[in-house]
Amino acid sequence: MCHPLIMSYVKGKAISRRDMFRGTAAAGAAAIAATTALTPRSVLAQPATRVIDLTHTLNADFPTYTGETLFFTEEVFSFADNGFNLDNLRISEHIGTHIDAPLHFTDGGTTIDEVPVETLVVPLAIVDIKEKADANPDAQVTPDDLKAWIATHGPIPQGACVAQNAGWQSRLGTPGFRNADDGGVMHFPGFHVEAVKMLLEEADVTGVGVDTLSIDFGQSADFVTHYEWLPANRWAVENMANLDELPATGATLVVGAPKHQGGTGGPCRLMALI
Ligand SMILES: [Zn+2]
């Protein structure tokens, strides 16, 4: 049985014009698709007794990538007047703890409602870069970080989400979360493009995650990591919470992704089972 994401990739669903011109990522993923055959695995990384919430509470004050308010609620019915409560929401798809679907950085890629549900319950591998992120907010997850993780913990689990823990949650509620300089350029960690290339070429990884606003580090102007990762028909989750409560490996991530037709992603409830 082929990996569901890779199968839909092979069908050509997510090959963007950009990839056709570049020919590299598409050819690389097709080669992986031709040689990757997965054996069925247990849905849980290990028997689980606890659920950890990896989701930040979303409100109008949650920091956004652009710095604008992108979360609005409007009361439509109230218990006092109507006997029940109901609000309308107007939000960006890319706010708070959320998922990026391949469509976010592709032309005609997989939409959020098309992401196979089998790929949303996966082993979670956490790469701790807190020490270097403390010293340098422009730090990134590099191939060397991934190699060190593998040397300590063994191979990255099949189908995993690999998540960056930069300790950024401790900055939430302060300007240090966006960490913009006087010129408006943000400084927070993300995945180096060579690290996601390594995950595409040398591992069977379904998603990547970060505890910061973007899988590209804050000062990125070209979104090279997004352009490498999402067109390979993988997903990403951003603004993850509570990664400190989990071991580096052994947890199962449940991505409660939204399912609105044609969407590029959306706020989701992330849970870890350990
Ligand atoms: Zn996003």
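List of remarks:
- If you filter the range 239-254 down to residues that are buried (at least 24 other Cβ atoms within 10 Å of the Cβ) and out of contact with any Gly (no Cβ under 7 Å at 6 or more places or on another chain), you find that the one that is farthest from His187 (Cα to Cα) is Ala251.
- Where strands (runs of 3 or more DSSP E) fall entirely within the range 57-123, those with at least 2 residues that are among the aliphatic types (A, V, I, L, M) and away from the ligand (no atom under 12 Å from the Cβ) are at 86-91.
- Neighbours by Cβ (under 8 Å, 6+ apart or cross-chain): first from the range 227-242, farther than 16 Å from Val122 by Cα and touching a residue at least 60 places away in the same chain (Cβ under 8 Å); second of a type in the set (D, E, K, R) and more than 10 Å from the ligand (Cβ to nearest atom): Tyr227/Arg18; Glu228/Lys197; Pro231/Arg18; Pro231/Asp19; Asn239/Asp211; Ala241/Asp53; Ala241/Asp211; Asn242/Asp53
- For Gln219, the stated conditions hold: it is under 25 Å from Lys130 (Cα atoms), outside any strand (DSSP E or B) and modelled with pLDDT of 95 or more.
- Among residues of the range 157-176, those that are assigned to a loop (DSSP other than H, G, I, E, B), on the phi < 0 side of the Ramachandran plot and surrounded by fewer than 21 Cβ atoms within 10 Å (Cβ to Cβ), counted: 5
- Only one entry of Val121, Val115 meets the criterion of being under 29 Å from Gln261 (Cβ atoms), among the aliphatic types (A, V, I, L, M) and buried (at least 23 other Cβ atoms within 10 Å of the Cβ), and that entry is Val115.
- Within the range 244-270, residues that are outside any strand (DSSP E or B) sit with their Cβ atoms under 7 Å from residues that are at pLDDT below 95, at 6+ positions apart or across chains, in these pairs: Gly250/Ala45; Gly250/Gln46.
The values are calculated or read from the model by the stated rules, or taken from the named source; none is laboratory data. As the structure is a prediction and not an experimental result, all values here were calculated from the model. We place every Cβ from the backbone using ideal geometry, glycine too, and count neighbours over all the protein chains shown.
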